[in-house]
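Everything on this sheet refers to the single structure shown next.
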Amino acid sequence: MAKDHSGSPKLYQLESKRKRLTWILGVSGLCILFYVLGAWQNARPTPSSQSEVYTRVGCDVGSPNPPDISTSRISSLSIPIDFESHHQLVVNNSKSSENFAPCDMSYSEYTPCQEPQRGRKFDRNMLKYRERHCPKKEELLRCLIPPPPNYKIPFKWPQSRDYAWFANIPHKELSIEKAVQNWVQVEGDRLRFPGGGTMFPHGADAYIDDISELVPLTSGTIRTAIDTGCGVASWGAYLLKRDIIAMSFAPRDTHEAQVWFALERGVPAMIGVMGSQRLPYPARAFDMAHCSRCLIPWNKYDGLYLTEVDRVLRPGGYWILSGPPIRWKTYWKGWERTQKDLKQEQDAIEDTARRLCWKKVIEKGDLAVWQKPLNHIKCIKNRSPNHKPYICKSGNPDAAWYQDMEACITPLPEVTNSDEVAGGALEKWPERAFATPPRISSGSIPSITTEKFQEDNQVWNERVSYYKRLIGLLPQGRYRNVMDANAYLGGFAAALSKYPVWVMNVVPAKSDLDTLGVIYERGFIGTYNDWCEAFSTYPRTYDLIHAGGLISLYQDRCDITYILLEMDRILRPEGTVIFRDVVEVLVKIKSIADGMRWQSRIVDHESGPFNPEKILIAVKTYWTGEAKRE
């Protein structure tokens, strides 16, 4: 048989050409078919059912003009995606889709894992009853948490820092109980937040100015802060203009809804308490910790709570205390406590701080400031064998999901000299956001190298550019409270840092790779959460949720329906969810979302239609519960 110059049989060569030609014609034919269908689709009326929402970008790879999702209504694209023929999946089978009814209006403020009624069943010692106690499987709600009847879309940032709609959080208790302190005031149909606080009657701004005289707040050295017992988080709200982001937390109130007010204002916050368990943050996370009359008994339990602050505080970080017992000689009568009692409390705090090897920087006016050492060389050298608290001998210092606090000092990474920062020095903000975090450069995160970190940053720049075109509202300030439900290295938050948003970076608990410490080293905030349970926040507190690969991660762990219902609970009306996953998983999500009053569609990956990963964008439609009839 004659052969060509390559040595291949001509018959084989012709057969190969035929197959390639068939494939090319097939693809071209599909594109032409899609074009024709698109023209036909454009002539049709607006889709009347969710089954017509499935759509896709055209055949061009990396289409420069993706569809704009700029309103709460997800309009269909011109070309439907035929998932059934290509993926052997049944799409939008109405017989199997479940329609979720609204819950009773009594659940409008439902916080599943911090419900006061459930908490009363638990021990009040060390505030255990205010810690997370989630409903059992048979207690889970399979309905939609209703917004109040007159719910309004919140004010945009920065106006939201000072104002909120009363109808969204109809509580006046704080305006009455804290009237003199100017926490919150009711003005007609609005709530106004003057920035006052128990220990800053002249406003949070002036109070922070006082702190700035004692601690370097403007140099970029301090970026992350934690506010324990935060009230309505005015301290965190006014730190933002100084490029400092605070994780503010307070317990779930039975009526005051302080954390809810904070989130409604567009200020980072979550429900939490210093009880018997570790705070859900990694070790060495915060540059600064703060307590302004936060009512935490720092002197009790052998200084256990200060020991926990020490765990989450970065080497060289500051702890700031105002309120009892600081300046007790002046305030003791107003605090209705004896001078002896207050002196003993301050002495106990001072003693605990010394045993933690903290240095007292200054006490001036109503403020006292301590600083954690850069490393533990001198601390270990100067300790006697019986010196308490001991240095912890084992355990993961970052483990913080249902992990009991320990009465021992979390050891810092080893250093070679007394001037070295344990764990590695950080760049100043804003360079910190894109500099390689020490946990990566030191090799302490398995399989994550500097090169992978830099590649991840590039990937997220491309993704956010694509999202910007998909969601026209993203750069317009429509979104303020953003959550990355599977945050990895925090690349999404970094790419969004140029927009007027803040991001709650969530690292799934029990995951094989714990990256939350990396996220904090970049100057962002976040928490651990097991998505088989509810998140520690009030309903309707996030504008945008990003869930990349989250449902694939959890689909064999628990019923993903409850994960989506939880997203619906914490998402504001007209808020958006972005899912990234394989088509099979997105179809499952779509089927559930259709029954949750979400409008959604699937679009191609930013790299084009041949990437097996797709994107589902869903918008929670606006609806409210019905007012109770008299």
Item to check | Selected residue (only one of Ala618, Ala593 is in contact (Cβ under 8 Å) with a residue 60 or more places away in the chain and surrounded by 17 or more Cβ atoms within 10 Å (Cβ to Cβ)) | outcome: Ala618
Next on the checklist: On the basis of being in a strand (DSSP E or B) and of a type outside the set (A, V, I, L, M, F, W, C), does Asp556 make the cut?
Outcome noted: no
Next on the checklist: With the requirement that a residue be in contact with a helix residue (DSSP H, G or I) (Cβ under 7 Å, 6 or more places away or on another chain) and open to solvent by less than 50 Å² (accessible area, probe 1.4 Å), what does the range 350-364 give you?
Outcome noted: Thr352, Ala353, Leu356, Cys357
Checklist entry - Based on what the data block shows, is Leu470 open to solvent by less than 30 Å² (accessible area, probe 1.4 Å) and over 30 Å from Ile380 (Cβ atoms)? => result yes
Checklist entry - Can you tell me how many residues in the range 475-512 are buried (at least 19 other Cβ atoms within 10 Å of the Cβ) and part of a helix (DSSP H, G or I)? => result 5
Item to check | helices (runs of 4 or more DSSP H) enclosed by the range 287-404 - at least 2 residues per element that are at pLDDT below 95 | outcome: 328-331, 377-381
Item to check | Members of the range 105-124 found to be assigned to a loop (DSSP other than H, G, I, E, B) and among the aromatic types (Phe, Trp, Tyr), listed by number | outcome: Tyr110, Phe122
Checklist outcome for this item: From the option list Arg242, Arg252, single residue qualifying as basic (Lys, Arg) and out of contact with any strand residue (DSSP E or B) (no Cβ under 6 Å at 6 or more places or on another chain) is Arg242
Checklist outcome for this item: Expected single match for part of a strand (DSSP E or B), among the β-branched types (Val, Ile, Thr) and either surrounded by 24 or more Cβ atoms within 10 Å (Cβ to Cβ) or in contact (Cβ under 8 Å) with a residue 24 or more places away in the chain (or both) among Thr576, Thr561 is Thr576
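Yes/no per residue for (1) more than 22 Å from Phe249 (Cβ to Cβ); (2) of a type in the set (A, V, I, L, M, F, W, C); (3) in contact (Cβ under 8 Å) with a residue 40 or more places away in the chain:
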residue: Arg480; (1), (2), (3): no, no, yes
residue: Trp502; (1), (2), (3): no, yes, yes
residue: Val507; (1), (2), (3): no, yes, no
residue: Leu516; (1), (2), (3): no, yes, yes
residue: Ile519; (1), (2), (3): no, yes, no
residue: Asn529; (1), (2), (3): no, no, yes
residue: Tyr542; (1), (2), (3): no, no, yes
residue: Ala547; (1), (2), (3): yes, yes, yes
residue: Ile551; (1), (2), (3): yes, yes, no
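With the requirement that a residue be open to solvent by less than 10 Å² (accessible area, probe 1.4 Å) and either without any contact (Cβ under 8 Å) to a residue 60 or more places away in the chain or under 20 Å from Tyr562 (Cα atoms) (or both), what does the range 596-615 give you?
Met596, Trp598, Ser600
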Checklist entry - If you scan the range 531-540, which residues turn out to be without any contact (Cβ under 8 Å) to a residue 60 or more places away in the chain and open to solvent by 10 Å² or more (accessible area, probe 1.4 Å)? => result Cys532
Checklist entry - Would you pick out the residues in the range 125-155 that are among the charged types (D, E, K, R), assigned to a loop (DSSP other than H, G, I, E, B) and out of contact with any helix residue (DSSP H, G or I) (no Cβ under 9 Å at 6 or more places or on another chain)? => result Lys136, Lys152
Checklist entry - Looking only at the range 406-450, which residues are aliphatic (A, V, I, L, M), assigned to a loop (DSSP other than H, G, I, E, B), closer than 19 Å to Pro282 by Cβ and touching a Lys or Arg at 6+ places or on another chain (Cβ under 9 Å)? => result Leu412, Val421, Ala422, Leu426, Ala435, Ile445, Ile448
Checklist entry - If you go through the range 556-585, how many residues are under 18 Å from Pro609 (Cβ atoms) and among the basic types (Lys, Arg)? => result 1
Next on the checklist: Can you go through Gln339, Gln258 and tell me which one is open to solvent by 10 Å² or more (accessible area, probe 1.4 Å), at negative phi and in contact (Cβ under 8 Å) with a residue 60 or more places away in the chain?
Outcome noted: Gln258
Checklist entry - Which one is farthest from Gln258 (Cα to Cα) among residues in the range 191-219 that are touching an Asp or Glu at 6+ places or on another chain (Cβ under 7 Å) and open to solvent by less than 40 Å² (accessible area, probe 1.4 Å)? => result Met199
Next on the checklist: Return the pair list, or none, for Cβ contacts closer than 6 Å from residues in the range 380-400 that are within 30 Å of Val518 (Cα to Cα) to residues that are small (Gly, Ala, Ser), at least 6 apart or on different chains.
Outcome noted: Pro389/Ala407; Pro397/Ala283; Asp398/Ala283; Asp398/Gly517
Checklist entry - What tally of residues in the range 174-190 results from selecting those that are at pLDDT below 85, among the charged types (D, E, K, R) and surrounded by 14 or more Cβ atoms within 10 Å (Cβ to Cβ)? => result 1
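The values are calculated or read from the model by the stated rules, or taken from the named source; none is laboratory data. Small disclaimer: the values here were computed from a predicted structure and weren't measured. No Cβ is skipped: glycine too gets one built from the backbone with ideal geometry, and neighbour counts run over all protein chains shown. We work out accessible area using only protein heavy atoms, side chains counted, and drop any ligands, DNA or RNA first. Shrake-Rupley method; radii C 1.70, N 1.55, O 1.52, S 1.80 Å.
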